[in-house]
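In what follows, a structure is listed as structure tokens, so that the remarks can point back to it.
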Amino acid sequence: MSNKDIVILGGTGFVGRHLIARLCGDGHRVTVLSRNADAHYARYLPPGAQRVTADVHDGAALAHAFAGADAVINLVGILNEQGHSGQGFRRAHSELSYLVVSACREAGVKRLLQMSALNAGRGQSHYLHTRGEAETVVKASHLDWTIFQPSVIFGADDGLLTRFRELLRFAPVLPLARAEAKFAPVYINDVVEAFVRALDNPATIRQVYELYGPEVITLKKLVRRIAQVMGWRRLVLPLPDALGWVQAIIAEWLPGKPFSRDNFRSLGTDSVGGIDGLHRLGITPTPLSVRMQALLGRADSRQKRLNRYRRQLQ
């Protein structure tokens, strides 16, 4: 694989951090576009990566940043928005994808790798609907695009295992909306591998890859398994949809908006796949059960280190 100049949008997120480390480790030169001018993040970029401050919703700024690049990777995505109109989702997903496609054309960049979601365009949520709109924009372009549709992604310091571990830490009883929703969690390293293998493979051009793991699990069983791994006795209480909807309304007002009405609607569509994209790319998927113990232990150790650090600063 030849070394490439790659521009990444959304590189400060969970997938982005892992992907950037891998790409730089493989010898690629990576430019991370971010509106955040905080130099703290830049200090933690691996050798071979640089952060450039840019408004990703400015088409001219995108075209300037893309000039001379061999490929663009769009990882931008949000799970919640301010308000409930869906405008935040449209801005982050479909409208941004239009700007990215236009900027690629203007800058002469042909290769585009686009992050999407399993079930994009299906269901009732703004999240899935706008993911589908974004795919339509990319597919209508004349670029050499590849689209990835992951189920929920797990890994070190993720928003899945780690989040529920923290909720369970302080909640002897955890009411759970849409407890029977099904997932096929996919390991972050497998997602990163999919991007890396597609980057330089012409056979992946204009292809869509569903990325999901080998184990299907309900939300209820997942949360109970986390408690079991941590050695905690917890009651996970499935809620009927009427109460789950109320929980979503209340959670929207909590710090960090841990759950929302749009999340509730998204859970109405099971996040399980039909055509194994990892297999198509020659990747053996990692089962959640194989990694859960190590990941939860690692997350716990990391939290202990952070707590010690905070005490030292006091």
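The values are calculated or read from the model by the stated rules, or taken from the named source; none is laboratory data. Worth saying up front: this structure is predicted, and the values here are computed from it rather than measured. Cβ coordinates were reconstructed from backbone atoms using ideal geometry, including for glycine residues, and neighbour counts include every protein chain displayed.
Counting the residues of the range 156-195 that are within 16 Å of the chain's Cα centre (by Cα) and at negative phi gives 20. May I ask you to list the residues in the range 223-240 that are touching a residue at least 60 places away in the same chain (Cβ under 8 Å), outside any loop (DSSP other than H, G, I, E, B) and closer than 19 Å to residue 258 by Cα? The answer is 226, 236, 237, 238.
Scoring residue 170 on the criteria (1) at pLDDT below 95; (2) out of contact with any helix residue (DSSP H, G or I) (no Cβ under 7 Å at 6 or more places or on another chain); (3) under 30 Å from residue 205 (Cβ atoms) leaves a single failure, condition (3). Within the range 265-281, being farther than 14 Å from residue 123 by Cα and either of a type in the set (D, E, K, R) or free of Cβ contacts under 8 Å to residues at least 24 places away in the same chain (or both) holds for 276, 279, 280.
Mind listing whichever residues of the range 198-238 are buried (at least 17 other Cβ atoms within 10 Å of the Cβ) and under 30 Å from residue 7 (Cβ atoms)? Within the range 198-238, 198, 199, 204, 208, 209, 210, 211, 212, 213 qualify.
The condition (being more than 18 Å from residue 287 (Cα to Cα) and in a helix (DSSP H, G or I)) is satisfied by just one residue among 243, 174: 243.
Scan the range 271-278 and give yes if some residue there is at pLDDT 95 or above and polar (S, T, N, Q), otherwise no. Yes. Of all the listed residues (254, 243, 267), the sole one being in contact with a strand residue (DSSP E or B) (Cβ under 9 Å, 6 or more places away or on another chain) and either over 16 Å from residue 188 (Cα atoms) or of a type in the set (A, V, I, L, M) (or both) is 243. Remark: pairs (first residue in the range 250-264, farther than 7 Å from residue 80 by Cβ and among the hydrophobic types (A, V, I, L, M, F, W, C); second residue surrounded by fewer than 18 Cβ atoms within 10 Å (Cβ to Cβ) and at pLDDT below 90; Cβ separation under 6 Å; 6+ apart in sequence or on different chains) = 251/258. Counting only helices (runs of 4 or more DSSP H) that sit completely within the range 47-138, those holding 1 or more residues that are among the polar types (S, T, N, Q), without any contact (Cβ under 8 Å) to a residue 24 or more places away in the chain and out of contact with any His (no Cβ under 7 Å at 6 or more places or on another chain) correspond to 87-90.
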